[in-house]
Amino acid sequence: PPPAAPPPAYPLAPPPVSWAAPLEPVGPAPGVRFAGHGALLVAYIVDGILVSFLVLAVAVALGLLTAGLAVTGAVPLAALTGVLVVGSVFAISLGYFPWFWVNGGATPGMRIFNLRVVRDRDGGPIGWGEAILRVIGLWLGGAIFYLGYIWIFIDKRRRGWHDLIAGTIVIQPA
């Protein structure tokens, strides 16, 4: 009889089946999983509300000071406090997220869901460089039709452009 044909060098593909939801991605380490989409969204909304209240409180306080100085005739000081209003709004908006990411790895909104921002390469805490890059990435991702945020739904590890730019990832320890 002729010799039997050798088995294929690769396993045969399974037969086609109906569509099924993809498996949940496994986390980066035992007891740690990637942050969920809903938790990320709600945490960002909570932080946006907190930043808005902080900016509003500081702007109102400095605005009242500016108005009081202008009424008393101290126009140069009123102009200086007007500049302080603009500067403080910018500083709060720029510094809120990085300050919390560097000091504890999570903003107040992220703490509600036990989320943490860590370095993607080794899971360690992020420094000021990564935090500033990440906030720049947040702005870029939002400015370009929110594609940087939508990318979280595409990436298997749920990283947005801000995470890719800064080399970070958001995790949820168990």
Exercise. Quick one: grab the alpha carbon gyration tensor of region 126-174, order the square roots of its eigenvalues as a ≥ b ≥ c, and give me rounded if a/c is under 1.5, else prolate or oblate depending on whether a/b is larger than b/c.
Key: oblate
Quiz item: Once amide H atoms are placed 1.01 Å from N in the peptide plane, what residues at a sequence separation of 5 or more from T168, or on another chain, have their amide H within under 5 Å of its amide H?
Solution: D120
Exercise. Please report how far the C-alpha centroid of region 102-142 lies from that of region 32-85, rounded to the nearest whole angstrom.
Key: 21
Exercise. State in Å² the accessible area per residue of the chain; use a 1.4 Å probe, count heavy atoms of protein chains only, and round to the nearest integer.
Key: 63
Quiz item: Hey, any idea what % of the chain's accessible area is carbon plus sulfur with a 1.4 Å probe?
Solution: 76
Quiz item: How would you classify region 108-147 from its alpha-carbon gyration tensor, with a ≥ b ≥ c the square roots of the eigenvalues: rounded for a/c under 1.5, else prolate if a/b is greater than b/c, otherwise oblate?
Solution: oblate
Self-check item: ³J(HN,Hα) computed for each position of region 137-144 - Karplus, 6.51 cos²θ - 1.76 cosθ + 1.60, integer Hz, glycine/proline x
Solution: x, 4, 5, 4, x, x, 6, 9
Self-check item: Projected label distance in nm at R119 and F53, using a 7 Å step from Cα toward the beta-carbon
Solution: 3.4
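The values are calculated or read from the model by the stated rules, or taken from the named source; none is laboratory data. All figures in this text were calculated on a predicted structure; none of them were measured in a lab. As a convention, Cβ positions derive from the backbone with ideal geometry for all residues, glycine included, and neighbour counts pool all protein chains shown. Ligands, DNA and RNA are stripped out before the accessible areas are found, and what is left, the full protein with its side chains, is counted by its heavy atoms. Shrake-Rupley method; radii C 1.70, N 1.55, O 1.52, S 1.80 Å.
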